[in-house]
Amino acid sequence: MSDAFSGNLSQFKLLDILRLLHASNRTGLLELEHEDGHFGEIYFVSGQATHALYEEYIGEEAIYALFSWIDGTFRFRSGEMTDEQTTMLTTEEILGESVTYAADWESVRRVIPSRNTLFKLSSRPTKEFSLRSEDWAVLREVDGEKNVGEVADATQLGELQASRILVRLFDLGLIESAGEASSQQSYIEAVDEAILDQVERDLTLAIGPMGPIVIDDCAEMLGFSRSNLPRDMVPSFIERLAEEIPDSDRRVRFQESMLEIMKQLF
């Protein structure tokens, strides 16, 4: 991996970036920037996260809060240092907790694709329900104009907690979507076969002759074949392939090479 590398969080998930920097014992600054102007930073010393800052959050809480992002850019600057020490946990412990936060955000995404999602009071029939005080606090802010981030700010709840409550209210039939953050493309661009050939070669180096079979199986798990795998599914596809590599050093090398491929694609 080069001393400085960058990319998009839609290509390479934050959890994978943290694992990569930890496993490769990197020292430097990971900068993250969202299109809405939000900014986060995480410092590493020999693979250990030592300081993190995101809005009002610091330390581990800043890292966990950054998992709310599903897009944005990142850049790692090797050798950047700070005297700040705001993390109390080891990076291994932070990564363990991060798995839970990442899974929580994934479960939220079925209803809330981004923090810009809008909701309005629903006209659907509702189930029987019992609302807690925090449910009411969120429901009062649902007006079809405030996005998820603004609802979280208005209620002074964390974005993850506010999102969980919005999902609960949606499942109860009390609210409904008032706009999507992104439009679905009618034309699906498939990944070039030459790219998949390179992925196959790198995976075969990592796990041996089972590489081509694993590629076909992972594509099928995503609901596609190798020949029609959509370009925008590449990050999820790569993530599944990396999970099939039992050796941690080989997994890191595979992820490094895949990052370079995804830079070409996106």
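The values are calculated or read from the model by the stated rules, or taken from the named source; none is laboratory data. Source: prediction; values computed, not measured. Here the Cβ positions follow ideal geometry from the backbone for every residue, glycine too, while neighbour counts run over all protein chains shown.
Of everything listed in (1) modelled with pLDDT of 90 or more; (2) farther than 26 Å from residue 156 by Cα, the single unmet condition for residue 42 is (2).
The residue that is nearest to residue 12 (Cα to Cα), among those in region 214-266 that are of a type in the set (Lys, Arg) and out of contact with any Lys or Arg (no Cβ under 9 Å at 6 or more places or on another chain), is 263. Can you confirm whether residue 76 is closer than 15 Å to residue 90 by Cα and buried (at least 20 other Cβ atoms within 10 Å of the Cβ)? Against the criterion (closer than 15 Å to residue 90 by Cα and buried (at least 20 other Cβ atoms within 10 Å of the Cβ)), residue 76 does not qualify. Being buried (at least 18 other Cβ atoms within 10 Å of the Cβ) and outside any helix (DSSP H, G or I) is not true of residue 21.
Of the strands (runs of 3 or more DSSP E) that lie entirely inside region 38-119, those containing 1 or more residues that are among the basic types (Lys, Arg) span 73-78. Looking only at region 191-209, residues that are farther than 15 Å from residue 251 by Cα and of a type in the set (A, V, I, L, M) come to 4 in all. Across region 150-173, not a single residue is classified as within 23 Å of residue 102 (Cβ to Cβ) and in a strand (DSSP E or B).
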